[in-house]
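Below is one structure, written out as structure tokens; comments come after it.
The values are calculated or read from the model by the stated rules, or taken from the named source; none is laboratory data. All values derive from a computational prediction rather than experimental measurement. We place every Cβ from the backbone using ideal geometry, glycine too, and count neighbours over all the protein chains shown.
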Ligand SMILES: [Zn+2]
């Protein structure tokens, strides 16, 4: 029997000093640390890293790995050419955790794989899954990367994105430190908050939805609705941040069972071609997808009623984005003539066909027009 577990990641919520304590008492001797120099400053981790260096054998990747590519993976794997870590500890946003998963997926070769070889492995989805454990420490609340068994690698040439997906890539441990997420600026708080909401909504109406998924999703949406706006007004409030971290863990658990649907599928060419932040690109089409899905998924009313007092999903999203970010494609330098081409690139297998209703290219063009 093929058995897929619900959640094998050990999730721990920690205060900052508890996190430091945990880092100094890891049951490992050889650690590969992924933490950008910038993040080390921002989360005041330089001293902690020094202490860790005294305690463990450690290789530290300091480069930023946002939107990881084959070239970055090659650099990371080169650092492990004569060092075999027992664990990879990744502190950062969704990209840093995705990078750690990719390192695990392609680690353990006798010789460091070249960029071409990594590209080939990505294309063939050939994942070896090296033995090292994985500890994820997300510094934003929303991507859910600490709970899923897949990751995205972006092509160096910028034309395609690769998905890697393997049971061994689900992190063994997730340390959730709400205080870290309080350092996110307004824009990042919005985009990750809306990404979490998208994971919840899409899991709810996905073809793989279930009663359990819907309870997790609905609770997550309720918590985001109750907290995200307040966080934007009180960004340093750790209790509010902790609630948003909880909402993100719940949506992460939900979509780790279902994967995402049409809004994520449509978002990829927007991020890849026009640099629109992932959570914003996803949020752009959520309301339209909800309309398309009307009548096609169970317990719809229980979900939609949550948005009534805000005047619907679109109005809520616009309220959150306010003057800070735009949800309209025209504000990102996209010419209206490009919408057809973007629609053509919107069909990611396993995402678009996981939506409650089937969408064709004309539907997607129409959806993009309404968000133009
Ligand atoms: Zn997402």
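On the basis of being surrounded by fewer than 16 Cβ atoms within 10 Å (Cβ to Cβ) and either in the same structural domain as residue 14 (by TED's automatic domain parsing) or more than 16 Å from the ligand (Cβ to nearest atom) (or both), does residue 234 make the cut?
On the way: surrounded by fewer than 16 Cβ atoms within 10 Å (Cβ to Cβ): yes; either in the same structural domain as residue 14 (by TED's automatic domain parsing) or more than 16 Å from the ligand (Cβ to nearest atom) (or both): yes.
Here the answer is yes, as residue 234 does meet what is asked.
Within the range 354-371, the residues that satisfy the criterion of being outside any helix (DSSP H, G or I) and crowded, with 19+ Cβ neighbours inside 10 Å are 355, 356, 359, 371.
Taking the range 274-353 and the helices (runs of 4 or more DSSP H) fully enclosed by it, the elements with 2 or more residues that are surrounded by fewer than 17 Cβ atoms within 10 Å (Cβ to Cβ) and outside the structural domain of residue 159 (by TED's automatic domain parsing) are at 300-304, 313-321, 339-344. Scoring residue 149 on the criteria (1) under 17 Å from the mean Cα position of the chain (by Cα); (2) crowded, with 18+ Cβ neighbours inside 10 Å; (3) without any contact (Cβ under 8 Å) to a residue 60 or more places away in the chain leaves a single failure, condition (3).
For the residues 99, 83, the requirement of being under 22 Å from the mean Cα position of the chain (by Cα) and farther than 22 Å from residue 15 by Cβ singles out 99.
For the range 92-110, filtering for residues that are modelled with pLDDT of 95 or more and outside any helix (DSSP H, G or I) leaves 2.
Per-residue answers, yes or no, for (1) more than 23 Å from residue 242 (Cβ to Cβ); (2) within 16 Å of the ligand (Cβ to nearest atom); (3) not assigned by TED's automatic domain parsing to the domain that holds residue 279:
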| residue | (1), (2), (3) |
| --- | --- |
| 120 | yes, no, yes |
| 125 | yes, no, yes |
| 129 | yes, no, yes |
| 132 | yes, no, yes |
| 142 | no, yes, yes |
| 155 | yes, no, yes |
| 163 | yes, yes, yes |
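Please determine, by comparing only the residues of the range 169-187 that are in contact (Cβ under 8 Å) with a residue 60 or more places away in the chain and out of contact with any helix residue (DSSP H, G or I) (no Cβ under 7 Å at 6 or more places or on another chain), which one is nearest to residue 317 (Cα to Cα). Outline the logic, then answer.
Residues of the range 169-187 that are in contact (Cβ under 8 Å) with a residue 60 or more places away in the chain, as a first pass: 169-181, 183, 186-187.
Filter again for out of contact with any helix residue (DSSP H, G or I) (no Cβ under 7 Å at 6 or more places or on another chain), leaving 170, 172-173, 180, 187.
Details: 170: 30, 172: 33, 173: 32, 180: 24, 187: 13 Å.
Among them, the one singled out is 187.
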